Amino acid sequence: MTERFTGNFTQQEPIPEAGIEAALDVLRHGRLHRYNVAEGETAQTALLEQEFAALMGSKYALAVASGGYAIATALRAVGVGPGDRVLTNAFTLAPVPGAIASVGAVPVFVDVTEALTIDLDHLAQIVVEKNAPRVLLLSHMRGHICDMDRLMAITDAAGVTVIEDCAHTMGARWNGVLSGRHGAMAAYSTQTYKHVNSGEGGLLISDDPDLMARAIILSGSYMLYERHLAGPPPEAFEKVKYITPNISGRMDNLRAAILRPQLAGLDDQCSAWNARYRVVEAGLRDTPGLTVIERPAEESYVMSSFQFLLLDWTEREVQEVVRRCADRGVELKWFGGAEPAGFTSRYDSWRYADAPKMPKTDRVLCGILDLRLPLTFSHEDCAQIARIIRDVVSRVYQRAG
Ligand SMILES: *Cc1c(COP(=O)(O)O)cnc(C)c1O
């Protein structure tokens, strides 16, 4: 009998009761705007920022409307403007080059390795070129973290500023250091499919008072920046307040209220995701033709999704695997498709960027298959998903010979 999986790959867990309670409080008093506070009250958004900074060990934190907005704000804060070129990963999601385009800048893509991380040899080569870009927007795509020590050595030596896109690495670490604590600024998303869920939302952290003062004013602080509990001192704002535009993208108190209890439970959620990831990993290991992504010892990942490679398979065979898995209830996303579909897309589908062909990256992208592992899946669900993929991949591989 062929097994069929019946779970839903896009069903997240409910919001914790404490978040629902806190949200109802905000709805009942009606002060949803972050700067709308009663006498003696501290806004939920300000508290969220304070708690997030404490969790990340950063000096400053800012809550905003989305992850993409957080990235764009970081780019503006470090001084990226129209016509500038910004380095970023060729393997990432559309909001990353999109944030670069939103400030009028142009993405310059860096190759991806078979470990699904940025190719540091390619990066090292680009940053010493004449007129090389001065900023790297580093995307820890799908939770895969590159050798951050080597990356920072390369960028520091070249005077390149690093902004980290931690949409998939909230709570993860490299060599004991939290993801987001290497670069000048780091952006997180609190959108439904990330590690905490407020529907939409973003967070930005930094230790640099000047960068964070700019980011807070950019986010639309109406000069009420003294109401931030995780912001730099007033002197930092004095330097930039007249020359920094207000590009509104604040977070509201309702979303902050939902997020605070989730941050408190983040560690447990991360362990729960990783346990599911390891079940799938164990189930897929040693499948002929299938490459499991080996994780370096320095990396403490948080995996709310799973990727594997069908390297050097033909398009037809990969498509057959995707189709047969779908027939058995397992939704795989393929990064090799010519048309962007279901949250995948590739560097050459962002045609506004006008990127040259990247053969090394193409080879890897054509082999990447991706699935979500929401916490609503049990360990048995994950084992079954792995069995189905293993069965389908083995059959297609055998037939292809
Ligand atoms: C989701 C995501 C973002 C942006 O987050 P939004 O909150 O949806 O704007 C940025 N980078 C990556 C890699 C993402 O997956």
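The values are calculated or read from the model by the stated rules, or taken from the named source; none is laboratory data. Everything quoted here is computed from the prediction, not taken from an experiment. Methodologically, a virtual Cβ is constructed for each residue, glycine included, from the backbone with ideal geometry; neighbour enumeration extends over all protein chains shown.
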Hey, does region 28-40 have a residue that's away from the ligand (no atom under 16 Å from the Cβ) and polar (S, T, N, Q)? yes
Identify the residue in region 209-222 that is away from the ligand (no atom under 16 Å from the Cβ) and not in a helix (DSSP H, G or I) and, among all such residues, is surrounded by the fewest Cβ atoms within 10 Å (Cβ to Cβ). TYR222
Count, please, the residues in region 184-208 that happen to be within 24 Å of VAL80 (Cβ to Cβ), in a loop (DSSP other than H, G, I, E, B) and near the ligand (Cβ under 10 Å from one of its atoms). 5
Just checking, which of GLU299, GLU331 is of a type in the set (Asp, Glu) and under 19 Å from the mean Cα position of the chain (by Cα)? GLU299
Give the number of residues within region 238-262 that are assigned to a helix (DSSP H, G or I) and either within 30 Å of LEU310 (Cβ to Cβ) or in contact with a helix residue (DSSP H, G or I) (Cβ under 6 Å, 6 or more places away or on another chain) (or both). 9
Quick check: anything in region 103-112 closer than 22 Å to SER189 by Cβ, touching a His at 6+ places or on another chain (Cβ under 6 Å) and modelled with pLDDT of 95 or more? yes
First in region 309-320 and under 21 Å from ARG142 (Cβ atoms), second anywhere and β-branched (Val, Ile, Thr) and assigned to a loop (DSSP other than H, G, I, E, B), Cβ under 8 Å, 6 or more apart: LEU309/ILE293
Do we have any residue at all in region 254-272 that's of a type in the set (Asp, Glu) and in contact with a Leu (Cβ under 9 Å, 6 or more places away or on another chain)? no
Residue count, region 39-81 (criterion: under 16 Å from ALA101 (Cβ atoms) and in contact with a strand residue (DSSP E or B) (Cβ under 8 Å, 6 or more places away or on another chain)): 10
